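Let me begin by presenting the structure, written as structure tokens, before commenting on it.
The values are calculated or read from the model by the stated rules, or taken from the named source; none is laboratory data. As the structure is a computational prediction, the values presented were derived from the model and not from experiment. All Cβ positions, glycine included, derive from the backbone under ideal geometry; neighbour counts span all protein chains shown. Accessible surface areas use protein heavy atoms only, side chains included; no ligands, DNA or RNA. Shrake-Rupley method; radii C 1.70, N 1.55, O 1.52, S 1.80 Å.
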Amino acid sequence: MDAPAPDAGSRASSAATYRRLLGYAAAHWPLASLALCGMMIEAAAAGAFTALMNPLIDQTFVEKNPAAAAWLPFAIVGLFLARGIATFITDYGMARIGRGVVQTLRQEVLAKYLRMPARWFDARPSAVLVARLTYNTEQVAQASSDAVKVAITDLLTLCALLTVMLMQSVRVTITMLVMGPLIAGIIAVVGRRYRRINTRIQASVGELAHIAEEAVGAQHVVKVYGGQAREEARFAAVAERNRRLQVKVETTKATSSALVQLLAAIALAVIVYVAGREAMAGRLTPGAFVSLMTAMMAMLPSLKRITNVQGMIQKGVAAAGGLFEVLDAEPEADRGTRAITRATGHLEFRDVVVRYADDKPPALDGIGFVAEPGSVTAIVGRSGSGKSTLTRLLPRLYEADAGTVLLDGVSLADYRLVDLRRQIALVSQDVLLFDDTVAANIAYGLPGEVPREQLAEAARAANALDFIERLPQGFDTRIGEGGALLSGGQRQRLAIARALLKDAPILILDEATSSLDTESERLIQEALERIMRGRTTLVIAHRLSTVEHADQILVLDHGRIVERGRHAELLARGGPYARLAGFELQGA
Ligand SMILES: Nc1ncnc2c1ncn2[C@@H]1O[C@H](COP(=O)(O)OP(=O)(O)OP(=O)(O)O)[C@@H](O)[C@H]1O
Ligand SMILES: [Mg+2]
């Protein structure tokens, strides 16, 4: 066992993390220098005040000097005025820096999330990712601004106070310096423990949110299947772990504060003893003694805060570690260089294999087919046969593990990702709408303001115009989270309008399995026929009407194409397709 090595390593890495974090604050260097001036004035004022105790006692009370009695009160007010202004400048400057760092980090992390490959998200609960963006960044703000503020101000204050003390009596001050390392040792030990617990707390908060979100989101299922007890137990276990860790952190914090204060008190006792001897020997006036005492006492809160700084920094470093891990993660591969404005839409799959996990059978296994420009390819197959996986390859949400997908004879990987994705419109199984207006949802992703007539035209072609015009504010109606204020059929027609407006040469359609009433069904069917016209369409088909008109049908099973052809010939063959179609007809 080689214990010190990993610990030294983690300390070095957390120092690197903190340096990187401070780099974000350093971008605000003009404000930082201003704040630093404020901190120096604050510290100097603290020192000056304790130094003032010497003339206050000796001149006013011992010597009874009237001049000193007149200027001293003014000096005290002036000192606190300067200090007040300095504190304001420091607090304001550091707050702006801290909030600036949070904002930058949040934006960078979100931008990074949007560029991570789909596979990366599969392995991470979204609640944890969101917690990083909200919770971690807050802690980072503390470490990058509050902690720096406290550390610098208090260190400078300690220096100023120490100078004042040395001016009063070197011997007494040296006695105190001997006590210093003791306190420093404790601070180091406590900090290490703190950091360890904090990493675990963050994980458990994310887990809490994840479980709660899942339970609340799936409340229907929980109720119907009587899963309350299971969810409660799952949550209780994590909540218990979280509570224990939180208490541990608080205990560590409390113990460390108490210990440091006790040590300081012992130091004080020793100093009082030495000071007494110095006074007896006539080397210490009452004023100098009061000045020393005041400086000593003024040091205690600074020392106490500095022990907390360690905790703050450790918390921030743990949180920043999570953020930097995201920022340093490998984004979606985009090594293609080929630009394309509008593809003709010739698609070819060559021996494509996709594997989600090494220990599972491939989701797609040796897929090969050609889709001519403007043709409709229907993909059918049982649930889990790989239909969605196949369509996800086109916009390169997932990459093929073997084989190639070609668009207009060129491998998808050779295109620039933005260009490739511009060629594709998508209407997914579960329609994804944003909590925004109807207009914004239809025009989603298009640059600039889209004229109303164009929106209306797309909506009309999607059979959505009628219901949109009946909404309270028409195109400006907000549709709620996920389009909650619309019916299922209306949501689908909005998604079709969005795809129509994008006017891409390739269309991916994942037909909804949920059946609608015949009227909505007819409206959607009509809209779909309109949008498929002139585009290479890959449609995951559940409706008989779609497959009947398809130019080719691919029947998938366990990731392989087991049959291909047109509706009539496949039916006549009496193979897997005929059996699937039989089910369909029975169900309808
Ligand atoms: N993100 C993922 N991570 C791991 N495995 C996945 C993922 N998505 C799909 N799979 C697995 O890959 C296989 C094919 O899934 P896919 O979603 O392509 O099926 P599908 O034919 O679209 O099914 P459905 O008709 O139910 O939508 C399934 O066994 C599924 O469990
Ligand atoms: Mg699917």
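Here is how the numbers come out for the structure above:
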read-out	value
Length added when fully stretched, residue 328-residue 72, from 0.36 nm per residue minus Cα-Cα	86.3 nm
Proximal charge balance of residue 261 [Cβ under 14 Å; K/R count +1, D/E count -1]	+3
Net charge dipole size for the stretch 434-503 [Lys, Arg +1 and Asp, Glu -1 on Cβ; Debye, nearest 20]	200 debye
DSSP-defined beta bridges in the chain - what % are antiparallel, rounded to 5	50 percent
Trypsin sites (Lys or Arg not before Pro) within the stretch 325-408: DSSP coil, no more than 13 neighbouring Cβ in 10 Å	335, 342
FRET efficiency, residue 300 to residue 159 (Cβ-Cβ, R0 22 Å, nearest 0.05)	0.90
Given charges at beta-carbon only (K, R positive; D, E negative), |dipole| of the chain in Debye	1860 debye
Rounded to whole Å, sorted largest first: equivalent-ellipsoid semi-axes of the stretch 209-360, Cα gyration tensor	64, 29, 12
Share, in percent, of DSSP beta bridges within the stretch 464-588 that are antiparallel, nearest 5	50 percent
Stokes-Einstein D in µm²/s, Kirkwood radius over Cα pairs - the stretch 5-123 at 25 °C with 0.890 mPa s viscosity	131 µm²/s
The stretch 434-503 shape via C-alpha gyration tensor axes, a/c threshold 1.5	rounded
Gyration tensor verdict on the chain (Cα atoms; rounded if a/c is under 1.5, prolate if a/b is larger than b/c, oblate otherwise)	prolate
Acute angle (nearest 10 degrees) that the helix 286-328 long axis makes with the longest principal axis of the chain, alpha-carbon atoms	10 degrees
Three-way shape label, the stretch 17-328, alpha-carbon gyration tensor, a/c 1.5	prolate
Charge context of residue 495, other residues only, Cβ under 12 angstrom, K/R +1, D/E -1	+1
Sulfur and carbon atoms: percent of accessible area, the stretch 434-503 [1.4 Å]	47 percent
Rounded tilt (10° steps) of 228-280 against the dominant C-alpha axis of the chain	20 degrees
Nearest-ten-degree value, helix 452-461 long axis tilted from longest Cα axis of the chain	50 degrees
Accessible surface, the stretch 17-328, averaged per residue in Å² (probe 1.4 Å)	51 Å²
Over 27 Å between alpha carbons, listed pairs 112/149; 360/387; 149/253; 149/315; 387/502; 112/502	112/149
